[in-house]
Amino acid sequence: MREYKLVVLGSGGVGKSALTVQFVQSMFVDRYDPTIEDSYRKQVEVDGLQCMLEILDTAGTEQFTAMRDLYMKNGQGFILVFSIIASATFDELTEIHGQLLRTKDTRTVPIVLVGNKCDMANERKVSQERAKAQADKWNTPFYETSARTRINVDEVFHDLVRMINLQNPAKHDKSKKNSVKCVLL
């Protein structure tokens with residue numbers, strides 16, 4: 001079974017933990033408790049393949065940004081989360097995205113842009129058009145999610161696994177490739 005290292009990044013209070021816990025445990029965490037770092041494991045099936053996801057839920061507060069380099073170096077795929085009801089959280093992702101590309105030293109990193117809290121659309125500060133334009137600029141998918149009502153939660157994580165698979169196809173078992181077939185004549 002292939003393992004995937006996924007990292008959830010974004011400002012404090014955008015719902016990174018709520019999104020991750022909803023995906024892993026199918027429950028909504030209503031209270032805000034700032035995260036330093038939490039790690040989760042979940043086995044899922046994506047496109048008929050069994051996958052073990054190791055998900056790192058990171059700190060969004062300023063005091064822990066130095067830890068980001070390490071998360072970024074070790075991660076294979078990244079979920080960049082903002083809150084649709086707080087435009088500053090959307091703006092801050094530009095810096096995180098730039099840091100991610102510099103740390104990975106590549107222009108193609110599996111990333112999904114996520115606008116969380118779509119169940120609160122009546123308080124929206126970031127339009128879908130603005131977020132979609134940013135996703136197009138970064139050449140990455142965009143989803144609006146709700147950790148509260150579980151809208152698009154599974155889709156975000158599954159799509160990121162698909163992107164990793166496209167960029168880094170699984171290597172076939174070498175023992176099969178190098179085996180010698182004997183034929184009796």
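Observations, loosely collected:
- Put a dot 7 Å past the Cα of Lys42, heading toward its Cβ, do the same for Asp69, and the two dots end up 3.1 nm apart.
- Full-stretch length increase - Asp30, Lys137 - with 0.36 nm per residue and alpha-carbon distance subtracted: 35.2 nm
- Amide hydrogen proximity for Asn116: with H placed 1.01 Å from N in the peptide plane, the residues at 5 or more positions away or on another chain lying under 5 Å are Phe82, Ser83, Ile84, Thr145.
- Contact order normalised by residue count of region 51-144, Cα under 8 Å, 6+ apart, percent: 30 percent
- Placed amide H near Lys125: partners under 5 Å, 5+ positions off or other chain: Ile85, Ala86
- Using a Förster distance of 30 Å, the FRET efficiency for Ser87-Leu49 (Cβ separation, nearest 0.05): 0.20
- Of the two radii for region 12-163, the radius of gyration is 0.92 times the Kirkwood radius, both from the alpha carbons; that is the Rg over Rh value.
- Put simply, the amide H of Ile151, placed in the peptide plane, has neighbours under 5 Å in Ser146, leaving out anything fewer than 5 places away on its chain.
- Order by protection proxy (mean Cβ within 10 Å, highest first), peptides 15-26, 84-95, 43-54: 15-26, 84-95, 43-54
- Theoretical gain in end-to-end length, Lys104 to Ala170 [0.36 nm per residue, Cα-Cα removed]: 21.8 nm
Readers should treat all values here as calculations from the given coordinates under stated rules, not as data from a laboratory. What you see is a predicted model; the values in this text were computed from it and never measured. So basically every Cβ, Gly included, is an ideal-geometry build from the backbone, and we count neighbours across all protein chains shown.
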